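Asker: I am attaching a structure below and will ask some questions about it afterwards.
The values are calculated or read from the model by the stated rules, or taken from the named source; none is laboratory data. In this text, all values refer to a predicted model and were calculated from it rather than measured experimentally. With ideal geometry, Cβ positions are generated from the backbone for all residues, glycine too; neighbour counts draw on all protein chains shown. Just so you know, the surface numbers come from the protein's heavy atoms only, side chains and all, with ligands and any DNA or RNA stripped out. Shrake-Rupley method; radii C 1.70, N 1.55, O 1.52, S 1.80 Å.
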Amino acid sequence: VATALRTFVVLAGAWGMVLIVGSQSDLSHLDARSTGLLVLSGLATGASWLCYFKALQLGSVSKVVPIDKLSTVLTVLLALILLGERMSLIGALGVILIAVGTLLMLDADDLRGLPRAVRDGGGWLLYALGSAFFAALTAILGKAGITGVESNLGTAIRTGVVLVMAWVMVAVTGKLHEVRTVPRRELGFVLVSGAATCASWLCYYRALQDGPASVVVPIDKLSVLVTVLFSSLVLRESVNRRYLVGLTLLVGGTLAMLT
């Protein structure tokens, strides 16, 4: 329900930007390939969001976010294989550091519990991994589909797909009745989150249009620093020394990929 509600804000902001820059006239010039890839990117985004917010519901922010950032590693690998992008030796070392840092940010019990979570079809870690996988697909499909399409228009099109998918999931899971019962305070946070997401997407897909996915995505994932800081100061979630070492490796690996 939260995902579906916030997507209204994202969609409104995206189409608002389309009207501001005047790219709505490009709709008539879209080819089938770009449109199809943008739609698939939107579906992948919807799947990633559903997994991500389910993971946040079951686990703590400081644990879910690092796993979600594994999409960086997956995106880079897919960009090398599918998009033919290149990477330096230092960049490859950065990918390894990101993977190792992410694992260090997890408790040993969480890792040992993964097979059981897979077997039972649940658990925050399983949903967080799903979020990372679909986020990687989002970036690759978005990069391929945004080529030749004005970035704001591309963002608006795929956001419409996410909106439809989110509300279909709300209906399928029988949660439509909960829309009217969302507490006003939580609704406010959800809507503000949607506005932040819209701003992030507009910047992200413009960057993807102009630059390689294997560089844009790692920079985008540096948001983990802000998220961890927020979860510690505002949500009062605790972090240990092992976690901080992992975070340092993750950030160091990301910066290495930019060289």
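Asker: Starting from the stretch 77-96, take each residue that is within 18 Å of Leu208 (Cβ to Cβ) and list its partners that are of a type in the set (D, E, K, R) and open to solvent by less than 60 Å² (accessible area, probe 1.4 Å), counting only C-beta distances under 9 angstrom and pairs at least six apart or across chains.
Answerer: Partner pairs satisfying both residue conditions: Ala79/Glu85; Ala79/Lys143; Leu83/Lys143.
Asker: Let me ask another. Can you tell me how many residues in the stretch 200-229 are without any contact (Cβ under 8 Å) to a residue 40 or more places away in the chain, more than 14 Å from Gly142 (Cβ to Cβ) and either assigned to a helix (DSSP H, G or I) or in contact with a His (Cβ under 6 Å, 6 or more places away or on another chain) (or both)?
Answerer: 5
Asker: State whether the residues of the stretch 208-218 include one that is crowded, with 17+ Cβ neighbours inside 10 Å, under 19 Å from Pro66 (Cβ atoms) and not aromatic (Phe, Trp, Tyr).
Answerer: Checked the stretch 208-218: at least one residue is crowded, with 17+ Cβ neighbours inside 10 Å, under 19 Å from Pro66 (Cβ atoms) and not aromatic (Phe, Trp, Tyr).
Asker: Taking only pairs six or more apart or across chains, which ones have beta-carbon atoms under 9 Å, a first residue in the stretch 237-251 that is of a type in the set (Phe, Trp, Tyr), and a second residue that is part of a loop (DSSP other than H, G, I, E, B) and open to solvent by 40 Å² or more (accessible area, probe 1.4 Å)?
Answerer: These pairs meet every condition: Tyr243/Asp107.
Asker: Here's a follow-up. Identify the single condition in (1) of a type outside the set (S, T, N, Q); (2) open to solvent by less than 30 Å² (accessible area, probe 1.4 Å); (3) farther than 30 Å from Leu30 by Cβ; (4) modelled with pLDDT of 90 or more that Met257 does not satisfy, given that it satisfies every other one.
Answerer: (4) is the only condition that Met257 fails.
Asker: Looking at Arg242, is it in contact with a Leu (Cβ under 8 Å, 6 or more places away or on another chain) and open to solvent by 80 Å² or more (accessible area, probe 1.4 Å)?
Answerer: Numbers: in contact with a Leu (Cβ under 8 Å, 6 or more places away or on another chain): yes; open to solvent by 80 Å² or more (accessible area, probe 1.4 Å): yes.
So Arg242 passes the test.
Asker: Something else now. Using the structure shown, decide if Asp68 is touching a residue at least 12 places away in the same chain (Cβ under 8 Å), touching a helix residue (DSSP H, G or I) at 6+ places or on another chain (Cβ under 9 Å) and of a type in the set (D, E, K, R). Steps first, please.
Answerer: Working: touching a residue at least 12 places away in the same chain (Cβ under 8 Å): yes; touching a helix residue (DSSP H, G or I) at 6+ places or on another chain (Cβ under 9 Å): yes; of a type in the set (D, E, K, R): yes.
Yes, satisfied.
Asker: Which of (1) more than 25 Å from Leu176 (Cα to Cα); (2) open to solvent by less than 40 Å² (accessible area, probe 1.4 Å) does Ser25 not meet, given it meets every other one?
Answerer: Of the numbered conditions (1) more than 25 Å from Leu176 (Cα to Cα); (2) open to solvent by less than 40 Å² (accessible area, probe 1.4 Å), the odd one out for Ser25 is (2).
Asker: Another question, if that's okay. Going through the stretch 31-58 one residue at a time, which ones are at pLDDT 85 or above and either outside any helix (DSSP H, G or I) or of a type in the set (S, T, N, Q) (or both)?
Answerer: Selection gives Asp31, Ser34, Thr35, Ser41, Thr45, Ser48.
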